[in-house]
Amino acid sequence: QVQLVESGGGLVQAGDSLRLSCAASGATFRCYAMGWFRQAPGKEREFVAAITWGGGSAFYADTVKGRFTISRDNAKNTVYLQMNSLKPEDTAVYYCAFASKYGFLIAAVGYDSWGQGTQVTVSS
């Protein structure tokens, strides 16, 4: 069992930056990858970014490529999402997710555990 706790959300203006953190605890030795998803009101949960725990390979949705950066600190069992040049359309609840095995990392089915989410609101 893995527990995930996100932090770092908030209310910012368009063009600002935020850094989200997700701390994992429990059976973290099983980690293959961690990812970030987001869900805006009335919309489906969508993939944002993912990173493999061993090699550090990163993947991004086209909508955030060039603006967001995912990174991880293996020693702290923490994954980060640096979000720059934020836009109002980035407003959503952001969820951290944990994958214990190789799989389809750009889809929610590829993950075993989820955090409770953190709200990011970008005003225009």
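Go through region 78-97 and give me each residue that's touching a strand residue (DSSP E or B) at 6+ places or on another chain (Cβ under 7 Å) and either at pLDDT below 95 or of a type in the set (Ser, Thr, Tyr) (or both).
Thr78, Tyr80, Thr91, Tyr94, Tyr95, listed by residue number.
State which residue is surrounded by the fewest Cβ atoms within 10 Å (Cβ to Cβ) when the search covers only region 93-122 and only residues that are of a type in the set (Phe, Trp, Tyr) and in contact (Cβ under 8 Å) with a residue 60 or more places away in the chain.
Filtering first and then ranking leaves Tyr102.
Of the residues Leu81, Leu4, only one is in a strand (DSSP E or B), under 20 Å from Gly103 (Cα atoms) and open to solvent by less than 20 Å² (accessible area, probe 1.4 Å); which?
Only one candidate passes the filter, namely Leu4.
Taking region 72-97 only, how many residues are within 10 Å of the chain's Cα centre (by Cα) and not aliphatic (A, V, I, L, M)?
Adding up the residues that qualify gives 5.
Quick one: count up the residues across region 21-69 that are in contact (Cβ under 8 Å) with a residue 24 or more places away in the chain and assigned to a helix (DSSP H, G or I).
Residues flagged as in contact (Cβ under 8 Å) with a residue 24 or more places away in the chain and assigned to a helix (DSSP H, G or I) within region 21-69 amount to 2.
Among (1) open to solvent by less than 20 Å² (accessible area, probe 1.4 Å); (2) not in a loop (DSSP other than H, G, I, E, B), where does Leu86 come up short?
(2)
The values are calculated or read from the model by the stated rules, or taken from the named source; none is laboratory data. These figures come from a predicted structure and were not determined experimentally. Neighbour counts run over all protein chains shown; Cβ positions are idealised from the backbone, glycine included. The area values use the complete protein model at the heavy-atom level, side chains included, leaving out ligands, DNA and RNA. Shrake-Rupley method; radii C 1.70, N 1.55, O 1.52, S 1.80 Å.
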